[in-house]
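This report refers to the structure that appears directly beneath it.
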Number of protein chains: 2
Amino acid sequence: MEFNKIIEEKSAKAWDIYIPNLSVDCVVFGFHDVTLKVLVTRLKDKDLWALPGGYVLKTENLMEAANRILYSRTGAENIYLQEFKVFSELNRSGGVFDEFPDTLWNKQRFLSVGFYALVDFHQVNLVMDDISDACEWKSIEELPNFMMDHRSIFDKALITLRKQLNHKPIGYNLLPEKFTMPELQKLYEIILAKKLNRGNFYRKMLRYDILIKLDESRKGGAHKAPDLYQFDIEKYEKALKEGLNNGW
Amino acid sequence: MEFNKIIEEKSAKAWDIYIPNLSVDCVVFGFHDVTLKVLVTRLKDKDLWALPGGYVLKTENLMEAANRILYSRTGAENIYLQEFKVFSELNRSGGVFDEFPDTLWNKQRFLSVGFYALVDFHQVNLVMDDISDACEWKSIEELPNFMMDHRSIFDKALITLRKQLNHKPIGYNLLPEKFTMPELQKLYEIILAKKLNRGNFYRKMLRYDILIKLDESRKGGAHKAPDLYQFDIEKYEKALKEGLNNGW
């Protein structure tokens, strides 16, 4: 079915089941090939890309809505989702649905609650829905042409993620179970888009007290084999809730 | 006019001008008499207290709504408002409006966007509205009986404020223009509800590089007169946007 027909059919149903004027948009980060990537979908028959998003059922809370929406696109459950801002400007839609009647669900004013998620790249199976013809990971260095205000939602999510590196742990969903300190540092450098001093990184990270040093090292390569670490999940979860060990 | 009548009259108008199912609640902190206080209002004829809140006009964004709502209760403008969470549980209202017809505006499901604000206690003139018979500052040590989920909104705001002490500056709206280091430390201790080591506090605060040491000291008192400081507003504003000088 073509895009316009599908939109109009979905609209009629939407008025019955969803909270009006409210949507959810998800900025899903994954780490792969030493690159930070974001999950995007392409609107059918258009050169317009969107963040995976949806609406809030009258029978669910926001976190349930965000989890349901993400699950439907990625098949992934138990994702670490973080609400970061409500996008509420009056002209958010930028006229995408101008050609439709004013009663169209999608043409209403929507305030959108932004969530970001960090997912394990390998546990995700991308799923297309009936208004998209592509669902892909894109490097944050090569973002596509976003519809509406999705580019600013992405930008704000990345800024928030960068700030949270100062007070929340990161990496559990992004790195393999066992990793070296240089690999962890690389992840931070890619998110922050800057080089970090190796000694400072090492000291600060150990002070956070969320790592377990293993009795193994990474084999292969010409250099001295680097030590392997894994996250101390209990301490990691605690720091996620209460903040890293650098507070007052 | 009595409470029920007013609610029903306001309801009819509300359906026309506001975004449905969405509200704003503000946790307004002030600092006075070495006590952290929060602004609360009492529902007319009820022993139920509420955070100052309201709805979002179809013609405004969320920040405009929060500013308008706060201004109407405090007369204060240019308040530092921070959105911190959307409260979206299904049974938030806890049956406060059970006795009214189902078409009542207030009886709908509302998702509420929580903002917190830090205000200068002296610049606030409390204003009553027509469904309240009291508008007061209460010490966070002696909170009243809150309606709906307002107690959890307050709790979450306080937790957020505490966490933000680790990466954002604080104090500009809460302290007088000139203050001593012990006075600033006291503010932190009251917000965190714990004692801090004086030397550590001093060193960490200076490292943030947001203070200007003045050529004056606080006169009076038996001890050596303590130095006076003020915030370097330019650096303070920068740290508010970009985070304190303790990042990666």
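What to note about this one:
- Relative to the other identical copies, A:Glu8 shows label-point distances of 4.3 nm, where the label point lies 7 Å from Cα along the Cβ direction and values run shortest first.
- Computed [θ] at 222 nm, helices only, for the protein assembly as shown once each DSSP H run of length n ≥ 4 contributes -39500 (n - 2.57): -9500 deg cm²/dmol
- Mean-square fluctuations from a GNM of chain A, with a 10 angstrom spring cutoff on Cα atoms, peak among A:Asn78, A:Asn125, A:Asn166 at A:Asn78.
- Ranked list, fewest to most other Cβ atoms within 10 Å of each Cβ, for B:Leu57, B:Leu22, B:Leu184: B:Leu57, B:Leu184, B:Leu22
- Here the alpha carbons of the protein assembly as shown define both size measures, Rg and Dmax, at 25.1, 84 Å.
- For A:Glu177, label point 7 Å along C-beta direction: distances to other copies, nm: 6.2
- For the residues B:Leu174, B:Leu192, B:Leu51, a GNM of chain B with alpha-carbon springs under 10 Å puts the largest fluctuation on B:Leu192.
- In the stretch A:58-131, one over the average inverse separation of all distinct C-alpha pairs is 14.5 Å, which is the Kirkwood hydrodynamic radius.
- Cα long-axis angle, helix A:150-164 against chain A (0 to 90 degrees, to the nearest 10): 30 degrees
- Using alpha-carbon coordinates, inclination of helix A:233-242 to the longest axis of chain A, degrees: 60 degrees
- Translational diffusion coefficient (Stokes-Einstein; Kirkwood radius from C-alpha pairs) of chain B at 37 °C, 0.692 mPa s, in µm²/s: 166 µm²/s
- For the residues of B:83-93, the average number of beta carbons from a partner chain within 10 Å of their own beta carbon is 4.
- Taking B:Trp15, A:Trp49 and counting other C-beta atoms within 10 Å, the order from fewest to most: B:Trp15, A:Trp49
- For the stretch B:12-75, the C-alpha radius of gyration sits at 1.29 times the compact-globule guess of 2.2 N^0.38 Å, with N the residue count.
- log10 of Debye I(q)/I(0), alpha-carbon scatterers only, for the stretch B:112-240 at 0.09, 0.10, 0.13, 0.20 Å⁻¹: -0.34, -0.42, -0.69, -1.33
- Calculated log₁₀ intensity ratio I(q)/I(0) where the Debye formula runs over C-alpha points of the stretch B:4-115, q = 0.15 Å⁻¹: -0.72
- In the stretch B:179-242, one over the average inverse separation of all distinct C-alpha pairs is 12.9 Å, which is the Kirkwood hydrodynamic radius.
Read-outs: derived from the displayed coordinates by stated rules, not from any lab. Remember, it's a predicted structure, so these values are computed and weren't measured experimentally. Backbone-built Cβ (ideal geometry, glycine too); neighbour counts: all protein chains shown.
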